[in-house]
Amino acid sequence: RGVPPVSVFANSTAHWRHLDAAHHLHPFSDTKGLNAEGVRVITRAEGVYIFDSEGNRILDGMSGLWCSAVGHGRHAIVDAIADQLRQLDYYNTFFKTTHPGAAELAAAIAQVAPEGFERVFFTSGGSEAVDTVIRMVRHYWAAVGKPGKHIFIARKNAYHGSTIGGASLGGMAPMHAQGGLPIPGIVHVQQPYWWGEGGNMSPEEFGLFAAQEVARAIDEAGPENVAAFIGEPIQGAGGVIIPPSTYWPEVQKICRERDVLLVSDEVICGFGRTGEWFGCQHMGVQPDLITFAKGVTSGYFPLGGVIVGERVAEGLIEQGGEFHHGYTYSGHPGGCAAALATLKIMHEEDLVARVKCEIGPYLQERWLPLANHPLVGEARMVGLIGALELTPHKETRAKFPGEVGTVGLIARDISFREGLVMRAVRDSLILAPPFTLSEEEADDLIATVGRVLDQTLAVVRDRGLM
Ligand code: PMP
């Protein structure tokens, strides 16, 4: 049955590819296509770079999967996890017990969270955090005597995870098409994606229009039936969609007027990505609940959770009784140690301020002018999260002929070859590098993007796509 796990071929790309193709089912992958192409094997990482099994050094422009905030190879975090696991490898937080790491991390998160956020429920990642929100919010409304409020309003093209709840709240059509999603009780509305869907409106007009779609959905369902609205401050997986400035304040007003809770899914934006501790602070809104994961441990250990604002916390605690919900790894000691060590680094190196005032503006100054390239219609970036919209015609914001995403993938593949990880979403390229990116590395990154755009343009012209 193929090559045994340890063989004379050990420690070679071919060996790992063989085992992987034979036994590993990858997330969000077409296994047949992937195996035909041959998977990339990443063997180590240091700073802002990853290294593959062929020895290539690649700038990790996506921070892994939006998580490696403080960069790779941080021994302080590794040591903190190891020390913790030697002391207490595991114990649960269900049955009238806690451990120092869970208590200290909950307090450390409350310390950086917006005012009025004092309580944290831990999960193993973002999807579980989103599922926790669904159950917690519905339980809250029942506890305070409004059990009718159960419907969630979410956006088309949102990403809220891959569990049944998360994928249902998310608005990804290809995900809904598999396995009979979404679950009932969820209404998806217009996303605030001006470049793609704003038509002839100005961005500001379109922001208000998209917000009014939230109002319309709530009113149609009846505010007495609507539990919450959930949104990412900036849609990440959907293509780094930065809403027009008019959008979030209007959504908040609409939710307040209708007594609908506001959930900020900060799995990507949380813990500094936008230059504030949380993306909602950048957008100037005060949500009722915040989900987080990824950056909180910088990816060194899986951990996520929900930060619960005053109102919901009080209802839950005073009137909710037992909340029948929890995960074996809620508050895993290793995850808590990783998060505490990550936060310590963020504080000591002032990394959130660095994103806001130093490396963020430095990269933005060089990223935004990429809009002058013939292939780029819009370049946008907040903090260290950005996108380039590729188009054959800037003025009309036109799409390329043929299948959507073809040009994005061409550019993404060229980027990898040129030594930079960017991700393609439709025909856009997205970027979210570690907060520790140096100015020199930023210069290198921008130079690489320039080469990627030039080479992509040549291919696009060659194929008559422009
Ligand atoms: N919400 C958002 C906004 C996300 O970006 C993600 C992951 N990309 C999730 C939820 C799901 O998190 P996880 O993959 O850790 O389950």
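The values are calculated or read from the model by the stated rules, or taken from the named source; none is laboratory data. Nothing here was measured: the structure is a model prediction, and the numbers come from that model. Counting neighbours? That spans all protein chains shown, and the Cβs are built from the backbone with ideal geometry, glycine included.
Just a few scattered comments:
- Looking across Ala69, Ala103, one residue alone is of a type outside the set (D, E, K, R) and surrounded by 21 or more Cβ atoms within 10 Å (Cβ to Cβ). It is Ala69.
- Just one of the listed residues (Glu266, Glu250) is buried (at least 24 other Cβ atoms within 10 Å of the Cβ), in contact with a helix residue (DSSP H, G or I) (Cβ under 8 Å, 6 or more places away or on another chain) and free of Cβ contacts under 8 Å to residues at least 60 places away in the same chain, and it is Glu266.
One line per residue, one yes/no per condition, for (1) in contact with a Ser or Thr (Cβ under 9 Å, 6 or more places away or on another chain); (2) within 19 Å of Ala293 (Cβ to Cβ):
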site	(1), (2)
Phe117	no, yes
Ser127	yes, yes
Arg135	no, yes
Ala154	yes, yes
Tyr159	no, yes
Gly165	yes, yes
Leu181	yes, no
His188	no, no
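- Test: residue in the stretch 452-464 that is in a loop (DSSP other than H, G, I, E, B) and out of contact with any helix residue (DSSP H, G or I) (no Cβ under 6 Å at 6 or more places or on another chain): yes
- When residues of the stretch 75-95 are limited to those that are at pLDDT 95 or above and part of a loop (DSSP other than H, G, I, E, B), the one nearest to Glu46 (Cα to Cα): Asp89
- Residue pairs whose Cβ atoms lie under 8 Å apart, sitting 6 or more positions apart in sequence or on different chains, and linking a residue in the stretch 116-139 that is at positive phi to a partner that is in a helix (DSSP H, G or I) and more than 12 Å from the ligand (Cβ to nearest atom), are Gly116/Glu310.
- Flag for Arg412 being of a type in the set (D, E, K, R), part of a helix (DSSP H, G or I) and either touching a residue at least 24 places away in the same chain (Cβ under 8 Å) or surrounded by 15 or more Cβ atoms within 10 Å (Cβ to Cβ) (or both): yes
- Across the stretch 146-160, the number of residues qualifying as in contact (Cβ under 8 Å) with a residue 60 or more places away in the chain and assigned to a loop (DSSP other than H, G, I, E, B) comes to 8.
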